[in-house]
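Working notes, beginning with the structure itself.
The values are calculated or read from the model by the stated rules, or taken from the named source; none is laboratory data. Values in this document were obtained by computation on a predicted structure and should not be read as measured data. So basically every Cβ, Gly included, is an ideal-geometry build from the backbone, and we count neighbours across all protein chains shown.
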Amino acid sequence: MAKRNKKQKLVQERKGPLETGRKPQPWVRHLIAIGLIAGVALFAYANTFHVPFHFDDRPNITQNPNVQIKVFTWDRFERLIRNTYEDKNNTSIRFFSLLTLALNYRFGGLNVFGYHLVNFFVHIASGIFLYWFLLLTFNLPSLREKYGFLSYKVALFTSLIFISHPIQTQSVTYIVQRMSSMAGMFYLLSLVLYVKGRLSSGWHRVLYFGGMMLGYLLAVFSKENAAILPFIVALYEFYFFQKLDLSPRGKNILFTLIGILLVLGALGFVIWGERYIQITIEGYQGRPFTMSERVLTQFRIVLYYLTLLVFPHPSRLNLDYDFPVSKTILDPPTTLISILIIAGLIGYSIWIAKKKPVLSFFILWYFVNLVIESSIFPLELVYEHRLYLPSVGPFVLFSLLAIRGIEKLRTKAPYLKPISRVGKSNSS
C-alpha cells in the first residue's frame, strides 16, 4: 500500500501543480492557444500594416509586370509561371509566392495594407502549425512518458516566442519576404501531416502523405530553402519513430532513408541542376567575394545568428548588413574558432542522440535548415529572414529548459502550488 501511494505521489509531482486540478477540454485549450498566438501576433505587428515597399519589393512587385495582373485567366497564370522561370534576371522558382503577390495586386493594386495583411495571417498560420507539430511530437509513443505532461506548455510557449521574436520582423513586415514565411508555413504544415500520417493507417495515411507532398511542393515553390524538408523528415523518422535503432533492421531502415534522400536529390538535380549551376557561376561575377570566401564567412554568420536570437536588441537588427568577409580560415581567426564550435555542437548532438534525442534533433534542426542559404550559392551574406525556420530549434530548447525549470521550482516550493479545496468548510 505504501509503495502504491509513493508511486501515485511521484506521478502527481510529475504532472506538475497545474495538472492536479480539473483541466478544460482539449479543444478549449487549443482554442485558447490559437487565440493567444493570434493576439500576441496582433500586438507585435499592429503598427506595421502601412509600412511602404522597400528594396526587393520593387523588382518583385511594383516594377514587375508579371505579378501586375488585373484580370486572372489561365493563360495569364501560365505566363506568370513561364516568364518567372525563364527570366535570366530571376534566380527563383517561387511561382506560388509570386502568385499570392499577383492576387494582392488584383484586389488591392499597390495598396500596402493588403500585402501586409496576408503576411500577417501567414505568420499566424506558421505559429499555429508549429504549435500543432510540437504537440504531436512530444506526445509520440517514444516521447510521451518523458515529455507528454509538458507538451501543451512547451508547444504554446515556443509558438509564442516564434510569433513575437524580433528576428521574425523581416519575414513579416518586409513584404517580399512573404516568400520565407510562406515556405515556413507550408514546411511546418507538411511536418504535421507527415506525423499524422505515420500515426494513422489505411486511407487516412495515404491522404495525410498526399497532403504532405502537396505542402512540400507549395513550400518549395514559395522559396527554395524548403527543399531541405526531406532530410528533416528522414531525421525525424530515424530519431522518433525508429528510436535511433542501429540493429540490422534499424540499419536497413536507415539505409532506405538515405537511399530515398539520394533519389530525391538526384531527381532535383536532373530537373534544376543545370539552371542553378549556371546561376551560381554567373552570380559570383557580380559579388565582392568568392565562393570559398562566402562559405568561410557563413561559419561566423551562423553563430552570429544565434547571438541575435539570444539578444535581439534593435541596435543589432539590420536590413542591410556590412559583414566582414573571411579571406582565409585564419583571416580573421574567428573563422577557425567558428568552424570548431559548429563542428563541436554537431558532434555533441550526435553523441547525445540516444540519451537526449530531443536536444540532439533540435540542435541539428538549426544547422540543417540553414544549409541551403548558408552554403555555396551567391546570395547576400546576411539576412535575418533566413532564421524564420532555423530559429524553431533554439526556441524549442529554450522553452523546454524554461518550462522544466518552472515545474521543478513548483514541486520544490509548496507555497507556489495552488490550494485545492478538500472538503466543505464548517460554516457551510
The listed residue being surrounded by 18 or more Cβ atoms within 10 Å (Cβ to Cβ), in a helix (DSSP H, G or I) and within 20 Å of the chain's Cα centre (by Cα), out of 361, 367 | 361
Would region 392-411 turn up any residue that is among the basic types (Lys, Arg) and not in a helix (DSSP H, G or I)?
-> no
Checklist (1) hydroxyl-bearing (Ser, Thr, Tyr); (2) surrounded by fewer than 22 Cβ atoms within 10 Å (Cβ to Cβ); (3) in a helix (DSSP H, G or I) applied to residue 142, failing item = (3)
Sort out which residues of region 183-226 are over 20 Å from residue 155 (Cβ atoms), of a type outside the set (A, V, I, L, M, F, W, C) and touching a residue at least 24 places away in the same chain (Cβ under 8 Å), and write them in order of number.
-> 216, 222, 223, 224, 225
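Per-residue answers, yes or no, for (1) assigned to a helix (DSSP H, G or I); (2) of a type in the set (A, V, I, L, M); (3) within 21 Å of residue 35 (Cα to Cα):
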residue	(1), (2), (3)
104	yes, no, no
110	no, yes, no
115	yes, no, no
147	yes, no, no
152	yes, no, yes
Candidates 407, 384 - the one that is in contact (Cβ under 8 Å) with a residue 24 or more places away in the chain and over 23 Å from residue 339 (Cα atoms) = 407
Quick one: would you say residue 239 is assigned to a helix (DSSP H, G or I), in contact (Cβ under 8 Å) with a residue 60 or more places away in the chain and of a type in the set (Phe, Trp, Tyr)?
-> yes
In region 275-315, the residues that are hydroxyl-bearing (Ser, Thr, Tyr), out of contact with any helix residue (DSSP H, G or I) (no Cβ under 7 Å at 6 or more places or on another chain) and free of Cβ contacts under 8 Å to residues at least 40 places away in the same chain | 292, 307, 315
Do you know which residues across region 283-312 are surrounded by fewer than 13 Cβ atoms within 10 Å (Cβ to Cβ) and over 14 Å from residue 380 (Cα atoms)?
-> 307, 310, 311
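Per-residue answers, yes or no, for (1) in contact with a strand residue (DSSP E or B) (Cβ under 7 Å, 6 or more places away or on another chain); (2) among the aromatic types (Phe, Trp, Tyr); (3) outside any helix (DSSP H, G or I); (4) surrounded by fewer than 14 Cβ atoms within 10 Å (Cβ to Cβ):
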site	(1), (2), (3), (4)
209	no, yes, no, no
216	no, yes, no, no
228	no, no, no, no
232	no, no, no, no
244	no, no, yes, no
251	no, no, no, yes
259	no, no, no, yes
262	no, no, no, yes
265	no, no, no, no
For residues that are β-branched (Val, Ile, Thr) and in a helix (DSSP H, G or I), scanning just region 57-77, find the one that is farthest from residue 96 (Cα to Cα).
-> 62
Region 336-349 residues that are over 16 Å from residue 368 (Cα atoms), paired with ones that are at pLDDT 95 or above and in a helix (DSSP H, G or I) (beta carbon under 6 Å, 6 or more apart) | 338/299; 338/300; 338/303
